[in-house]
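The values are calculated or read from the model by the stated rules, or taken from the named source; none is laboratory data. Note that the structure is a prediction, hence the values are computed from the model and not measured. Neighbour counts are summed over all protein chains in view; Cβ atoms, including those assigned to glycine, are modelled from backbone coordinates with ideal geometry. To get the accessible areas, we keep the full protein, side chains included, count just its heavy atoms, and leave off ligands, DNA and RNA. Shrake-Rupley method; radii C 1.70, N 1.55, O 1.52, S 1.80 Å.
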Amino acid sequence: MKNVLKICSMLCCVLFLMGSVAASPKLTSVSQKSDSEYQFSGLGLRQATGDVKDTINRRQLSGLQGGELTTSQGDTHYWQELSFEDPTNPIQPWAVNYVKNDNDEVGDFLVIDNKEPFYQWRQTFNEGLSGVVDQYGHITDFEGLQMKALGEVWTITEATSDGSGLSLTFQTSSGRTILLQDPTLADNWDGQVEVDHSRIEDASLALVGSVTAARQGRASSVVTLENILYRLTVDPSQGSRAYIPEWHGVKEVLDEPEGLLSDSWDIRYQDLDINPRPPVFSLLPMADDQLMVRFKNAERDEYLFPFVSNKNGVFKWGSEHDPFVFEEARELTPAMTGELVYRTRFVARDGDFETTMIYWFHDPTDRVLTMEDEATSVWYSVTYTGIPGQGAYATLNNQGHEFEIEVLENNKIRVDKSRTYGTVPLDGYFLVSQDDDSAVLRYENVDLAEQTVELELQFADQPRTLVASYTGTPGQDAYGDFVVDFQHFRFWVNQDLTLTVDLDGDRAVSSKETRVLTDKNGYFDLAMNEEVPDDFVYMQFRMAASDDFNGEKYLWQVWPTLDNEIRIEAGDEYEGMYAKSDEWNMFAMIEDENDQKYAMTDYGVRISYNDPSTALGELHFDIPEAMNEPRVIVEMAAQ
């Protein structure tokens, strides 16, 4: 009975061990299946694949497995790899770019130029594959050997040497006949390659090894092969570079696809790993002399408002009659001076500007104040409106710096920084931005009895009214707050019932310019060059830098024409590998046959502009949910 139990116990152990061994191939099979593709993870637009991964081997693709070979001269282990970058022998960089191909199609392509080979395959024999050369030049030691190569099994059907070089003929498991021959066995790339008896013109080959000549006691020489080095330069069926569209491979565009040597592998461009969505920011023409802005904020609310107008040749922010304000007024501070009488000096300051002025005279009949800049000896006659002591105001402009003058009774005045610039009149539009959110409102009305102001959120589909209360007396201490998307903004009601608005939510005003903010650390700078439109406006879209992204910008120009219209200059047609210039880091527009221009930034922002010759075009920015990642895959049959 004990023997029976012992036998049963032993059988159970054997079965358990057999079960463990039997389970391994299943796990290996799953692993091999996943190893039939390798993706260049973390690849960016216009980034060379070799920057991400310069070499792949059996750890990434099981089709690159090695093995062991045996001849009469001994054993050798061999391994293989694919390289996409080599500091000693140049390899052509290739990347996904947003360009126009040879068929005038604009889009994202895997682009490979034909200046240098675009990859290298290497088969290395660690101890050297050695064989005896007989008196007829044949190497029977090699003939019949099978080795793994590029996802296939290659059998050497003929091997010969003339005493200095080597010729190898393979029959592949896919049925091809491959001839590799090198006259020198040196690393000088003077070998030749034939596939199915046709020479591969774009191939470079180096069989690296040595030939040991026959010597006394040995009738035959010995060939030792150390490396097979193979490179291929892309030769597209048309043009000088290959443009591989999404879901296609290199093999399809090669004039000699057999130059890949194996039917079991390819380099395939899958797609841009982005989540497209409708335009986030657009410049839209209402007419040839009016440009609107439509944008979506972080809350996905869509706004529409007049941006610039050139009606009757007057180039200005907003529409013909209603301004658009996106820069705060001057600082709200106590009056720069106390009450001044005739012949009183006072210092006028505005930022870095400072000068001493003299108040000389007041003409109440013509309502004119006379002043002098003591430093420049320039005299100023300033006209005011209103009744002295009851709300009479004038604006002094000294070298572009404006100062507000309040005319009091008994010929006295009081001077402060001007609050005219940046204030919002009735029916005016203004942009508020805080954190990662923006909104545009319109000042509709003020109710002095109820002490409320009526604002209107400029939603594209249906504007929405917002009523905010204030306390105090207009022109003195009247202020209140309004809330947009849980963000608080302060406003002040001025004497003339204009509003001074805290545009950035910091409860103060200090000439700050607000921008249209996106929810992906990007923003639109509406005017880079001037506080007010002059003869053009530089605009900018910018993505902020992050740990894995250096940031980027795209610039364009809005300008008035001599016939009182507006035009957008959004880049020129581009033909080249990279769609940005070093000087401006700009992403130039690529024009198609329908007068449509396109560009894509490294982040994945798609810019499109229709450029009609006789009308104002539309400029659109589509911002993806996350930074794009082109998916480029090396696929190879698993072994």
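Quick one: count up the residues across the range 246-255 that are crowded, with 16+ Cβ neighbours inside 10 Å and either aromatic (Phe, Trp, Tyr) or in contact with a helix residue (DSSP H, G or I) (Cβ under 9 Å, 6 or more places away or on another chain) (or both).
Residues of the range 246-255 crowded, with 16+ Cβ neighbours inside 10 Å: 246, 248-251, 253-254.
Checking which are either aromatic (Phe, Trp, Tyr) or in contact with a helix residue (DSSP H, G or I) (Cβ under 9 Å, 6 or more places away or on another chain) (or both) leaves us with 250-251, 254.
Residues in the range 246-255 being crowded, with 16+ Cβ neighbours inside 10 Å and either aromatic (Phe, Trp, Tyr) or in contact with a helix residue (DSSP H, G or I) (Cβ under 9 Å, 6 or more places away or on another chain) (or both): 3 in total.
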Exercise. Can you tell me how many residues in the range 474-507 are assigned to a loop (DSSP other than H, G, I, E, B), open to solvent by 40 Å² or more (accessible area, probe 1.4 Å) and hydrophobic (A, V, I, L, M, F, W, C)?
Worked result: 2
Exercise. Pick from Val52, Val111, Val96: which is free of Cβ contacts under 8 Å to residues at least 60 places away in the same chain and under 25 Å from Leu260 (Cα atoms)?
Worked result: Val52
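So that you can scan it fast, the table gives a plain yes or no per residue for (1) over 30 Å from Lys100 (Cα atoms); (2) outside any strand (DSSP E or B):
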| site | (1), (2) |
| --- | --- |
| Val223 | yes, no |
| Gly239 | no, yes |
| Phe295 | no, no |
| Tyr303 | yes, no |
| Ser319 | yes, yes |
| Asp322 | yes, yes |
For this session: Taking Ala213 as the residue in question, decide whether it is among the small types (Gly, Ala, Ser) and either in contact with a helix residue (DSSP H, G or I) (Cβ under 7 Å, 6 or more places away or on another chain) or closer than 24 Å to Thr88 by Cα (or both).
Result: no
Exercise. Which residues, taken from the range 70-89, are at pLDDT 90 or above and in a loop (DSSP other than H, G, I, E, B)?
Worked result: Ser72, Gln73, Phe84, Glu85
Seminar exercise, completed: By residue number, the members of the range 135-156 that are among the β-branched types (Val, Ile, Thr) and open to solvent by less than 50 Å² (accessible area, probe 1.4 Å) are Ile139, Thr155, Ile156
Problem set entry | Out of Ile590, Ile623, sole residue that is open to solvent by less than 50 Å² (accessible area, probe 1.4 Å), closer than 26 Å to Phe324 by Cβ and at pLDDT 65 or above | Ile623
For this session: Test Leu232 against the criterion of being modelled with pLDDT of 95 or more, open to solvent by less than 20 Å² (accessible area, probe 1.4 Å) and under 36 Å from the mean Cα position of the chain (by Cα), and give yes or no.
Result: yes
Problem set entry | Residue that is under 16 Å from Thr224 (Cβ atoms), over 48 Å from the mean Cα position of the chain (by Cα), among the hydrophobic types (A, V, I, L, M, F, W, C) and buried (at least 20 other Cβ atoms within 10 Å of the Cβ), where the choices are Leu185, Leu129 | Leu129
Exercise. Take the residues of the range 244-298 that are of a type in the set (A, V, I, L, M) and without any contact (Cβ under 8 Å) to a residue 24 or more places away in the chain: which is farthest from Ser309 (Cα to Cα)?
Worked result: Leu254
Seminar exercise, completed: With criteria (1) within 26 Å of Phe315 (Cα to Cα); (2) surrounded by 14 or more Cβ atoms within 10 Å (Cβ to Cβ); (3) modelled with pLDDT of 60 or more, Pro533 comes up short on (3)
For this session: Among the numbered conditions (1) at pLDDT 75 or above; (2) surrounded by fewer than 22 Cβ atoms within 10 Å (Cβ to Cβ); (3) at positive phi, tell me where Gly604 comes up short.
Result: (2)
For this session: Confirm whether Thr614 is open to solvent by less than 40 Å² (accessible area, probe 1.4 Å) and either under 17 Å from the mean Cα position of the chain (by Cα) or modelled with pLDDT under 80 (or both).
Result: no
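Each row is one residue, and each column tells you yes or no for (1) open to solvent by 10 Å² or more (accessible area, probe 1.4 Å); (2) closer than 30 Å to Tyr603 by Cβ; (3) among the small types (Gly, Ala, Ser).
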position: Thr49; (1), (2), (3): no, yes, no
position: Lys53; (1), (2), (3): yes, yes, no
position: Gly67; (1), (2), (3): yes, no, yes
position: Asp75; (1), (2), (3): yes, no, no
For this session: Specify the residue that is modelled with the highest pLDDT; the eligible residues are those in the range 272-292 that are within 21 Å of Met600 (Cβ to Cβ) and in contact with a Pro (Cβ under 8 Å, 6 or more places away or on another chain).
Result: Leu272
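Do the conditions hold for Thr420, that is, is it open to solvent by 20 Å² or more (accessible area, probe 1.4 Å), modelled with pLDDT under 90, closer than 20 Å to Ser511 by Cβ and under 40 Å from the mean Cα position of the chain (by Cα)? Steps first, please.
On the way: open to solvent by 20 Å² or more (accessible area, probe 1.4 Å): yes; modelled with pLDDT under 90: yes; closer than 20 Å to Ser511 by Cβ: yes; under 40 Å from the mean Cα position of the chain (by Cα): yes.
So Thr420 fits the description; yes.
Every residue, every condition in (1) over 29 Å from Ser41 (Cα atoms); (2) surrounded by fewer than 19 Cβ atoms within 10 Å (Cβ to Cβ); (3) polar (S, T, N, Q), yes or no:
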{"position": "Ala203", "(1), (2), (3)": "no, no, no"}
{"position": "Tyr243", "(1), (2), (3)": "no, no, no"}
{"position": "Pro257", "(1), (2), (3)": "no, yes, no"}
{"position": "Arg268", "(1), (2), (3)": "no, no, no"}
{"position": "Gln290", "(1), (2), (3)": "yes, no, yes"}
{"position": "Phe307", "(1), (2), (3)": "yes, no, no"}
{"position": "Asn312", "(1), (2), (3)": "yes, yes, yes"}
For this session: Could you please find all residues in the range 383-403 being outside any loop (DSSP other than H, G, I, E, B) and over 17 Å from Thr344 (Cβ atoms)?
Result: Thr383, Thr385, Ala392, Tyr393, Thr395, Asn397, His401, Glu402
Exercise. Name the pairs whose Cβ atoms lie under 8 Å apart, with the first residue in the range 445-459 and within 19 Å of Pro306 (Cβ to Cβ) and aromatic (Phe, Trp, Tyr), the second open to solvent by 30 Å² or more (accessible area, probe 1.4 Å) and not in a strand (DSSP E or B), and 6 or more positions between them or separate chains?
Worked result: Phe459/Asp301
Problem set entry | Search result, residues across the range 253-266 that are in contact with a Phe, Trp or Tyr (Cβ under 8 Å, 6 or more places away or on another chain) and modelled with pLDDT of 95 or more | Leu261
